[in-house]
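Worksheet: the structure to be examined is printed underneath.
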Amino acid sequence: SQQGEEDPQALSIQEGENATMNCSYKTSINNLQWYRQNSGRGLVHLILIRSNEREKHSGRLRVTLDTSKKSSSLLITASRAADTASYFCATDLRNNDMRFGAGTRLTVKP
Amino acid sequence: EPEVTQTPSHQVTQMGQEVILRCVPISNHLYFYWYRQILGQKVEFLVSFYNNEISEKSEIFDDQFSVERPDGSNFTLKIRSTKLEDSAMYFCASSRERGAYTEAFFGQGTRLTVV
């Protein structure tokens with residue numbers, strides 16, 4: 001499969017803790033994106049990291065990309081109950097459009 | 001802030017009926033997409049559309065599916081003869097460009113229920 005695959009499938013943490021989600025993919029990419037989905041709602045773009053970038057920050061989000069390992073991680077620091085959602089990585093492959101992984105279901109307990 | 005809008009938010013249809021799902025992409029975007037998500041499962045790519053033609057489609061997008069941009073603003077997905085397994089959330093997305101620097105914007109989805 002060319003699409004990203006996230007792990008873990010589910011993650012449960014306490015408010016204030018950090019949450020780390022990982023994504024692996026199989027082929028070369030132009031960029032990798034992370035999206036968030038609240039239950040039953042649309043996908044919201046969080047951050048895009050290009051293939052020539054190694055790390056990117058946006059507020060409490062930190063994304064890393066290791067093209068040699070074909071993997072990315074999303075770190076949410078100081079998590080809040082409102083961060084409870086599913087998080088997907090999407091790979092924008094060189095010859096194909098964006099493909100999503102199965103997602104990580106994050107639960108942040110107050 | 002500009003957004004992608006989808007109508008209806010929920011559609012119930014009888015098996016075998018045709019449905020048309022509608023989307024209004026962001027006005028200055030050139031690339032349009034349909035994805036679907038069966039309940040509790042991953043988001044699956046269906047089709048991308050650029051310059052009034054399909055640029056890529058997945059194996060899911062068989063002959064019962066079609067897309068159209070009938071005017072300058074709407075982007076539609078038609079399912080000719082719905083099956084029970086077509087029940088899913090269908091998401092439309094658009095982007096300014098395709099490739100390395102693209103952020104795609106998604107609509108809130110249409111929940112299709114085939115009975």
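In table form, for the structure just shown:
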| read-out | value |
| --- | --- |
| Qualifying positions in the range B:81-112 - under 12 Å from the mean Cα position of the chain (by Cα) and within 20 Å of B:T13 (Cβ to Cβ) | B:A88, B:M89, B:Y90, B:F91, B:C92, B:G107, B:Q108, B:G109, B:T110, B:R111, B:L112 |
| Pick from the range B:42-80, criterion among the hydroxyl-bearing types (S, T, Y) and surrounded by 12 or more Cβ atoms within 10 Å (Cβ to Cβ), ranking: nearest to the chain's Cα centre (by Cα) | B:T76 |
| Residue within the range A:73-92 that is open to solvent by 70 Å² or more (accessible area, probe 1.4 Å), small (G, A, S) and closer than 20 Å to B:F105 by Cα present | no |
| Test: residue in the range B:78-97 that is in a loop (DSSP other than H, G, I, E, B) and within 13 Å of chain A (Cβ to nearest Cβ) | yes |
| Hits in the range A:18-49 - residues which are loosely packed, with under 15 Cβ neighbours inside 10 Å, touching a residue at least 12 places away in the same chain (Cβ under 8 Å) and within 11 Å of chain B (Cβ to nearest Cβ) | A:N38, A:S39 |
| Options B:V24, B:V43: the member that is within 20 Å of B:R111 (Cα to Cα) and at pLDDT below 95 | B:V43 |
| Tally of residues being open to solvent by less than 50 Å² (accessible area, probe 1.4 Å), in contact with a Leu (Cβ under 8 Å, 6 or more places away or on another chain) and either outside any strand (DSSP E or B) or of a type in the set (D, E) (or both) across the range B:98-115 | 1 |
| The range B:4-26 residues that are among the basic types (K, R), paired with ones that are part of a strand (DSSP E or B) and open to solvent by 20 Å² or more (accessible area, probe 1.4 Å) (beta carbon under 6 Å, 6 or more apart) | B:R22/B:T7 |
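The values are calculated or read from the model by the stated rules, or taken from the named source; none is laboratory data. Bear in mind that the values here come from a model prediction, so they are computed numbers and not experimental data. So basically every Cβ, Gly included, is an ideal-geometry build from the backbone, and we count neighbours across all protein chains shown. These area figures cover heavy atoms from the full protein model, side chains too; ligands, DNA and RNA do not enter into them. Shrake-Rupley method; radii C 1.70, N 1.55, O 1.52, S 1.80 Å.
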